[in-house]
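The values are calculated or read from the model by the stated rules, or taken from the named source; none is laboratory data. This structure is a prediction, so every number in the text was calculated from the model and none was measured. Glycine also receives a Cβ, built like all others from the backbone with ideal geometry; neighbour counts cover every protein chain displayed. Ligands, DNA and RNA are stripped out before the accessible areas are found, and what is left, the full protein with its side chains, is counted by its heavy atoms. Shrake-Rupley method; radii C 1.70, N 1.55, O 1.52, S 1.80 Å.
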Amino acid sequence: MPELPEVETVANGVHARVHGQRIVGVWTSNKPQTFKSAPDEIVETLTGSRIDRVHRVGKTIVVDLMRKKQPAQFLVHLGMTGRLLVSAPETPVPHHTHAILSLSGGQELRFVDARRFGRLSVVKSATDEQRYAGPGAEPLTIGLEDFVALFRGRKTPIKAALLNQSLLHGVGNIYADEALFHAGIRSTRHAGRLTRAELTRLRAALVKVLTAAIKLGGSSVSDYVDANGVAGFFQLHHHVYSRTGEPCRVCGTPIKRIVLAGRGTHYCPTCQH
Ligand SMILES: [Zn+2]
(Lines give C-alpha, C1' and ligand atoms only; values in the text may rest on other atoms or scores of the structure.)
Protein backbone atom coordinates (compact mmCIF):
# COMPACT_ATOMS: atom_id res chain seq x y z
CA MET A 1 0.00 0.00 0.00
CA PRO A 2 1.40 3.42 -0.90
CA GLU A 3 2.40 5.44 2.15
CA LEU A 4 2.82 9.18 2.60
CA PRO A 5 6.11 9.50 0.65
CA GLU A 6 4.76 7.56 -2.35
CA VAL A 7 1.56 9.60 -2.37
CA GLU A 8 3.54 12.86 -2.16
CA THR A 9 5.81 11.69 -4.99
CA VAL A 10 2.81 10.89 -7.21
CA ALA A 11 1.07 14.19 -6.31
CA ASN A 12 4.21 16.22 -7.10
CA GLY A 13 4.74 14.34 -10.36
CA VAL A 14 1.16 14.89 -11.46
CA HIS A 15 1.25 18.55 -10.39
CA ALA A 16 4.32 19.24 -12.51
CA ARG A 17 2.60 17.79 -15.58
CA VAL A 18 -0.98 19.06 -15.33
CA HIS A 19 -1.31 22.25 -13.26
CA GLY A 20 -2.80 25.19 -15.10
CA GLN A 21 -4.62 22.94 -17.56
CA ARG A 22 -8.37 22.75 -18.00
CA ILE A 23 -10.32 19.48 -17.87
CA VAL A 24 -12.14 19.30 -21.21
CA GLY A 25 -13.76 15.87 -20.88
CA VAL A 26 -14.26 13.10 -18.32
CA TRP A 27 -14.94 9.39 -18.75
CA THR A 28 -15.71 7.07 -15.81
CA SER A 29 -16.04 3.31 -15.65
CA ASN A 30 -19.03 3.47 -13.27
CA LYS A 31 -17.61 0.64 -11.15
CA PRO A 32 -19.51 1.36 -7.94
CA GLN A 33 -16.72 0.67 -5.38
CA THR A 34 -14.35 3.18 -6.94
CA PHE A 35 -16.65 6.18 -6.72
CA LYS A 36 -17.25 7.68 -3.31
CA SER A 37 -19.07 10.57 -5.00
CA ALA A 38 -21.60 9.67 -7.70
CA PRO A 39 -19.87 9.44 -11.11
CA ASP A 40 -22.32 12.03 -12.53
CA GLU A 41 -21.32 14.45 -9.79
CA ILE A 42 -17.63 13.83 -10.50
CA VAL A 43 -18.13 14.43 -14.22
CA GLU A 44 -20.13 17.59 -13.57
CA THR A 45 -17.61 19.02 -11.08
CA LEU A 46 -14.51 18.24 -13.15
CA THR A 47 -15.65 19.14 -16.66
CA GLY A 48 -14.57 22.68 -17.54
CA SER A 49 -12.58 23.13 -14.31
CA ARG A 50 -9.00 24.39 -14.23
CA ILE A 51 -6.41 22.39 -12.27
CA ASP A 52 -4.65 24.88 -9.99
CA ARG A 53 -2.62 22.55 -7.79
CA VAL A 54 -2.11 18.85 -7.07
CA HIS A 55 -0.87 18.08 -3.56
CA ARG A 56 -1.04 15.57 -0.74
CA VAL A 57 -3.14 15.63 2.44
CA GLY A 58 -2.42 12.55 4.57
CA LYS A 59 -2.52 9.69 2.07
CA THR A 60 -4.99 11.43 -0.24
CA ILE A 61 -4.06 13.19 -3.48
CA VAL A 62 -5.96 16.48 -3.59
CA VAL A 63 -6.53 18.25 -6.90
CA ASP A 64 -7.49 21.89 -6.29
CA LEU A 65 -9.83 23.07 -9.02
CA MET A 66 -11.28 26.41 -10.06
CA ARG A 67 -14.75 26.06 -11.50
CA LYS A 68 -16.65 29.14 -12.65
CA LYS A 69 -14.58 31.21 -10.15
CA GLN A 70 -15.58 28.79 -7.34
CA PRO A 71 -13.01 26.49 -5.70
CA ALA A 72 -13.70 22.74 -5.88
CA GLN A 73 -11.55 19.66 -5.22
CA PHE A 74 -11.04 16.23 -6.75
CA LEU A 75 -9.83 13.66 -4.20
CA VAL A 76 -7.92 10.53 -5.21
CA HIS A 77 -7.17 7.84 -2.66
CA LEU A 78 -4.87 5.24 -4.20
CA GLY A 79 -5.90 2.36 -1.91
CA MET A 80 -3.71 -0.72 -2.41
CA THR A 81 -2.95 -0.61 -6.12
CA GLY A 82 -4.28 2.69 -7.47
CA ARG A 83 -2.15 4.60 -9.97
CA LEU A 84 -2.54 8.06 -11.41
CA LEU A 85 -0.94 8.29 -14.83
CA VAL A 86 -0.41 11.21 -17.18
CA SER A 87 -0.54 9.68 -20.64
CA ALA A 88 -0.74 10.67 -24.28
CA PRO A 89 -4.23 9.84 -25.68
CA GLU A 90 -2.70 7.36 -28.13
CA THR A 91 -1.14 5.34 -25.28
CA PRO A 92 -3.25 2.17 -24.91
CA VAL A 93 -5.65 2.44 -21.98
CA PRO A 94 -4.55 -0.11 -19.32
CA HIS A 95 -6.93 -2.72 -17.94
CA HIS A 96 -8.72 -1.58 -14.77
CA THR A 97 -8.86 2.09 -15.83
CA HIS A 98 -11.72 3.73 -13.91
CA ALA A 99 -11.45 7.39 -14.90
CA ILE A 100 -9.93 9.38 -17.75
CA LEU A 101 -9.70 13.17 -17.62
CA SER A 102 -8.92 14.76 -21.00
CA LEU A 103 -6.81 17.88 -20.50
CA SER A 104 -6.55 21.10 -22.52
CA GLY A 105 -2.82 20.42 -23.09
CA GLY A 106 -3.73 17.27 -25.04
CA GLN A 107 -2.76 14.66 -22.43
CA GLU A 108 -4.98 12.45 -20.29
CA LEU A 109 -4.94 11.96 -16.54
CA ARG A 110 -5.92 8.33 -15.92
CA PHE A 111 -6.85 6.51 -12.72
CA VAL A 112 -6.03 2.80 -12.91
CA ASP A 113 -6.74 0.41 -10.03
CA ALA A 114 -6.72 -3.39 -10.34
CA ARG A 115 -7.84 -4.26 -6.82
CA ARG A 116 -10.33 -1.40 -6.50
CA PHE A 117 -9.57 -0.27 -2.97
CA GLY A 118 -8.88 3.20 -4.35
CA ARG A 119 -11.55 5.91 -4.11
CA LEU A 120 -12.46 8.97 -6.17
CA SER A 121 -14.62 11.79 -4.88
CA VAL A 122 -15.22 15.52 -5.27
CA VAL A 123 -15.75 18.44 -2.93
CA LYS A 124 -18.13 20.58 -4.99
CA SER A 125 -17.64 23.76 -3.00
CA ALA A 126 -14.17 23.86 -1.45
CA THR A 127 -14.49 26.99 0.68
CA ASP A 128 -12.13 27.32 3.66
CA GLU A 129 -14.40 25.29 5.98
CA GLN A 130 -15.22 22.63 3.40
CA ARG A 131 -11.78 22.01 1.96
CA TYR A 132 -10.53 18.49 2.50
CA ALA A 133 -8.35 18.40 5.63
CA GLY A 134 -8.02 14.65 6.23
CA PRO A 135 -8.80 12.68 9.39
CA GLY A 136 -5.80 13.62 11.58
CA ALA A 137 -2.77 15.88 11.94
CA GLU A 138 -0.05 16.21 9.30
CA PRO A 139 3.12 14.40 10.47
CA LEU A 140 5.51 16.65 8.51
CA THR A 141 4.26 19.93 9.94
CA ILE A 142 2.73 19.22 13.37
CA GLY A 143 4.38 21.25 16.17
CA LEU A 144 6.00 19.58 19.18
CA GLU A 145 3.29 20.58 21.70
CA ASP A 146 0.50 19.24 19.49
CA PHE A 147 2.50 16.07 18.83
CA VAL A 148 3.06 15.43 22.56
CA ALA A 149 -0.65 16.07 23.25
CA LEU A 150 -1.73 13.45 20.67
CA PHE A 151 -0.39 10.59 22.81
CA ARG A 152 -1.25 11.85 26.30
CA GLY A 153 -3.22 9.26 28.29
CA ARG A 154 -3.17 6.67 25.49
CA LYS A 155 -2.73 3.11 26.64
CA THR A 156 -2.25 1.60 23.20
CA PRO A 157 1.24 0.61 22.00
CA ILE A 158 3.03 3.52 20.35
CA LYS A 159 3.13 1.62 17.03
CA ALA A 160 -0.68 1.31 17.04
CA ALA A 161 -1.03 5.00 17.92
CA LEU A 162 1.23 5.95 14.99
CA LEU A 163 -0.96 3.90 12.63
CA ASN A 164 -4.16 5.51 13.98
CA GLN A 165 -5.07 7.82 11.09
CA SER A 166 -7.35 9.96 13.26
CA LEU A 167 -4.28 11.03 15.29
CA LEU A 168 -1.65 11.44 12.57
CA HIS A 169 -2.63 10.80 8.97
CA GLY A 170 -0.35 9.30 6.35
CA VAL A 171 1.97 7.18 8.54
CA GLY A 172 1.76 3.51 7.55
CA ASN A 173 3.51 0.33 8.60
CA ILE A 174 6.91 0.88 6.96
CA TYR A 175 7.57 4.37 8.26
CA ALA A 176 6.13 3.66 11.73
CA ASP A 177 8.71 0.85 12.14
CA GLU A 178 11.52 2.95 10.68
CA ALA A 179 10.73 6.04 12.79
CA LEU A 180 10.55 4.01 16.02
CA PHE A 181 13.95 2.49 15.20
CA HIS A 182 15.55 5.90 14.59
CA ALA A 183 14.00 7.22 17.82
CA GLY A 184 15.26 4.17 19.78
CA ILE A 185 11.75 3.35 21.05
CA ARG A 186 10.31 -0.18 21.31
CA SER A 187 7.05 -0.47 19.31
CA THR A 188 5.18 -2.10 22.21
CA ARG A 189 5.66 0.81 24.67
CA HIS A 190 2.43 2.42 25.87
CA ALA A 191 2.02 5.67 23.97
CA GLY A 192 0.91 7.59 27.05
CA ARG A 193 3.99 6.59 29.03
CA LEU A 194 6.57 7.92 26.59
CA THR A 195 8.57 10.83 28.00
CA ARG A 196 8.64 14.24 26.41
CA ALA A 197 12.24 13.59 25.36
CA GLU A 198 11.22 10.33 23.64
CA LEU A 199 8.31 12.00 21.84
CA THR A 200 10.64 14.79 20.75
CA ARG A 201 12.96 12.17 19.24
CA LEU A 202 10.02 10.32 17.66
CA ARG A 203 8.66 13.43 15.95
CA ALA A 204 12.12 14.24 14.58
CA ALA A 205 12.56 10.63 13.40
CA LEU A 206 9.21 10.63 11.58
CA VAL A 207 10.09 13.84 9.75
CA LYS A 208 13.53 12.42 8.92
CA VAL A 209 12.36 9.09 7.46
CA LEU A 210 9.40 10.58 5.57
CA THR A 211 11.46 13.42 4.13
CA ALA A 212 14.26 11.04 3.09
CA ALA A 213 11.75 8.77 1.35
CA ILE A 214 10.13 11.70 -0.48
CA LYS A 215 13.58 12.80 -1.68
CA LEU A 216 14.25 9.30 -3.00
CA GLY A 217 10.96 9.17 -4.85
CA GLY A 218 8.89 6.98 -2.56
CA SER A 219 9.22 3.41 -1.39
CA SER A 220 9.40 0.28 -3.46
CA VAL A 221 5.92 -1.17 -3.23
CA SER A 222 5.35 -3.65 -6.06
CA ASP A 223 2.37 -1.85 -7.57
CA TYR A 224 3.71 1.63 -7.00
CA VAL A 225 4.80 3.76 -9.93
CA ASP A 226 5.09 7.53 -10.19
CA ALA A 227 3.08 9.69 -12.57
CA ASN A 228 5.35 8.68 -15.46
CA GLY A 229 4.95 4.98 -14.74
CA VAL A 230 8.49 4.69 -13.26
CA ALA A 231 8.83 2.30 -10.32
CA GLY A 232 10.00 3.67 -6.94
CA PHE A 233 13.27 2.55 -5.39
CA PHE A 234 13.53 3.15 -1.67
CA GLN A 235 13.54 -0.34 -0.16
CA LEU A 236 17.34 -0.68 0.09
CA HIS A 237 17.46 2.04 2.71
CA HIS A 238 15.15 0.48 5.30
CA HIS A 239 16.79 -0.17 8.68
CA VAL A 240 14.28 -2.61 10.20
CA TYR A 241 11.21 -2.96 7.97
CA SER A 242 11.14 -6.35 6.25
CA ARG A 243 14.67 -7.21 7.55
CA THR A 244 13.70 -10.00 10.01
CA GLY A 245 16.80 -11.94 11.10
CA GLU A 246 19.22 -9.64 9.28
CA PRO A 247 21.82 -7.74 11.34
CA CYS A 248 20.91 -4.30 12.66
CA ARG A 249 22.76 -1.70 10.59
CA VAL A 250 23.85 0.04 13.83
CA CYS A 251 24.72 -2.78 16.30
CA GLY A 252 24.56 -6.07 14.37
CA THR A 253 21.81 -7.68 16.52
CA PRO A 254 19.36 -9.69 14.37
CA ILE A 255 16.17 -7.71 13.65
CA LYS A 256 13.10 -9.21 15.31
CA ARG A 257 9.55 -9.40 14.00
CA ILE A 258 6.36 -9.50 16.05
CA VAL A 259 2.72 -8.91 15.11
CA LEU A 260 1.31 -5.77 16.70
CA ALA A 261 -2.09 -4.23 15.94
CA GLY A 262 -2.43 -6.91 13.25
CA ARG A 263 0.69 -5.71 11.42
CA GLY A 264 4.16 -7.18 11.01
CA THR A 265 6.38 -5.08 13.28
CA HIS A 266 10.16 -5.02 12.99
CA TYR A 267 12.63 -3.76 15.58
CA CYS A 268 16.16 -4.06 16.96
CA PRO A 269 16.04 -5.56 20.48
CA THR A 270 19.30 -3.78 21.36
CA CYS A 271 18.79 -0.29 19.90
CA GLN A 272 15.12 0.14 20.85
CA HIS A 273 13.97 0.35 24.49
ZN1 LIG B 1 20.57 -2.36 16.77
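Its Cα gyration tensor gives region 118-157 an equivalent ellipsoid; the semi-axes, largest first and in whole Å, are 28, 14, 9. Let me make sure I get this right: for region 66-122, a, b and c are the square roots of the gyration tensor eigenvalues over alpha carbons, sorted descending. Under 1.5 in a/c it's rounded, otherwise prolate if a/b > b/c, else oblate. Which is it? Oblate.
Taking only the Cα atoms of region 136-210, the radius of gyration and Dmax are 10.4, 26 Å.
DSSP assigns beta bridges within the chain; of those with both partners inside it, close to 95 percent run antiparallel.
The GluC sites (Glu not before Pro) of region 96-169 that DSSP puts in a loop, and whose beta carbon has at most 11 other beta carbons within 10 Å, are E129. Ligands, DNA and RNA left out, the accessible area of the chain computed with a 1.4 Å probe is 52% carbon and sulfur.
Its Cα gyration tensor gives region 71-172 an equivalent ellipsoid. The semi-axes, each the square root of 5 times an eigenvalue, are 35, 18, 11 Å from largest down.
With the charge dipole of the chain set up from +1 on Lys and Arg Cβ and -1 on Asp and Glu Cβ about the Cα centre, the Cα lying farthest toward the positive end among the listed residues Y241, V62, I42 is that of Y241.
For region 98-137, what class follows from the C-alpha gyration tensor (a ≥ b ≥ c being the square roots of its eigenvalues): rounded when a/c is under 1.5, otherwise prolate if a/b is larger than b/c, else oblate? Verdict is oblate for region 98-137. This model, with +1 at the C-beta of Lys and Arg and -1 at the C-beta of Asp and Glu, gives region 105-149 a dipole about its Cα centre of some 460 debye.
Annotation: amide H of L65 within the under-5 Å range of D52, A72, Q73, F74, sequence separation 5 or more or interchain, hydrogens built in the peptide plane.
Put simply, the convex hull of the Cα atoms in region 159-203 casts, on average, a shadow of 2.8 nm².
Dipole magnitude for the chain: computed about the Cα centre from +1 point charges on Lys and Arg Cβ and -1 point charges on Asp and Glu Cβ, it is near 760 debye. Shape summary of region 1-74, radius of gyration then Dmax from alpha carbon positions: 12.7, 36 Å.
The calculated Kirkwood hydrodynamic radius for region 1-153 is 16.0 Å, given to one decimal from all distinct C-alpha pairs. Counting only Cα atoms, the size of the chain along its three principal axes is 57, 38, 30 Å, in decreasing order.
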